[in-house]
Ligand code: AMP
């Protein structure tokens, strides 16, 4: 436990739709939690970012509806200008535990029963149906994401934020300066510019150390513990290009 403990919060599309943003910010404010803002951004969530963020749920029956939900396609269908989440890094002693306690249980119905007053007690649960109209599960619109552990917080913060989205004095994870160019196009990494590719890193840019090591391994065709998509997703945030 340290003053550098960090956690990722996402204010999800149902919270934005219901104007609960101010309530969530107030509830998590430094006055109540002792936690400070280390980073914040408005993110139009690509399916690449959503699928990487929720990779542990890949293959579960609720996975497709979870992706639709967090990308804003349920609450802002046909309104791409409103399809966004607010991503925030909170920082301070015991950040993960404090935010999870105030958020409450994942399932809003359980949250209402077990912890009235928690943020997710204001969420909703919806039945998921297949093409035949048969009920196949639940979609939990629970307003807020909060990292589950310090390890998950590190994975998620590095996935949503570049180092320079966070003031250097608030960096909790190691960074390195890139000495080479990395470009991305159509699922592939390249060290040379290709037409319509996105420049992910240029010499001199600061990256998370683990991302840079992953990119170097992928560029050299060596096995990497982090996938290319998990590194790239944040560099494509708000790029206004068709999904690559
Ligand atoms: P978690 O990784 O536990 O934070 O879950 C991520 C999100 O997936 C939750 O906020 C829910 O929206 C959804 N979710 C998790 N578990 C279930 C479940 N058993 N049924 C439906 N949705 C779920």
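The values are calculated or read from the model by the stated rules, or taken from the named source; none is laboratory data. In this text the structure is predicted, and so the values were computed from the model without any measurement. FYI the Cβ positions are ideal-geometry reconstructions off the backbone, even for glycines, and counts take in every protein chain you see.
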Exercise. Among the residues of the range 26-74 satisfying the criterion of being in a helix (DSSP H, G or I), over 14 Å from residue 85 (Cβ atoms) and touching a strand residue (DSSP E or B) at 6+ places or on another chain (Cβ under 8 Å), which is nearest to the ligand (Cβ to nearest atom)?
Worked result: 65
Seminar exercise, completed: Contact list, first residue from the range 124-151 and under 20 Å from residue 56 (Cα atoms), second anywhere and at pLDDT below 90 and more than 10 Å from the ligand (Cβ to nearest atom), beta-carbon distance below 8 Å, six or more apart or interchain, is 128/136; 136/129; 136/130
Problem set entry | Residue count for the range 109-147, restricted to those that are more than 18 Å from residue 25 (Cβ to Cβ) and more than 9 Å from the ligand (Cβ to nearest atom) | 19
Exercise. Considering only residues of the range 75-88 that are within 15 Å of the ligand (Cβ to nearest atom) and touching a helix residue (DSSP H, G or I) at 6+ places or on another chain (Cβ under 6 Å), which is nearest to residue 148 (Cα to Cα)?
Worked result: 87
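Filter the range 214-242 down to the residues that are more than 13 Å from residue 52 (Cβ to Cβ) and out of contact with any strand residue (DSSP E or B) (no Cβ under 8 Å at 6 or more places or on another chain) and list them by number.
First, pick out the residues of the range 214-242 that are more than 13 Å from residue 52 (Cβ to Cβ): 215-225, 238-242.
216, 217, 220, 221, 222, 223, 224, 225, 240, 242 - these are the residues of the range 214-242 that are more than 13 Å from residue 52 (Cβ to Cβ) and out of contact with any strand residue (DSSP E or B) (no Cβ under 8 Å at 6 or more places or on another chain).
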Exercise. Residue 96 versus (1) in contact with a helix residue (DSSP H, G or I) (Cβ under 8 Å, 6 or more places away or on another chain); (2) farther than 23 Å from residue 68 by Cα; (3) away from the ligand (no atom under 16 Å from the Cβ); (4) not in a strand (DSSP E or B): which is the lone unmet condition?
Worked result: (3)
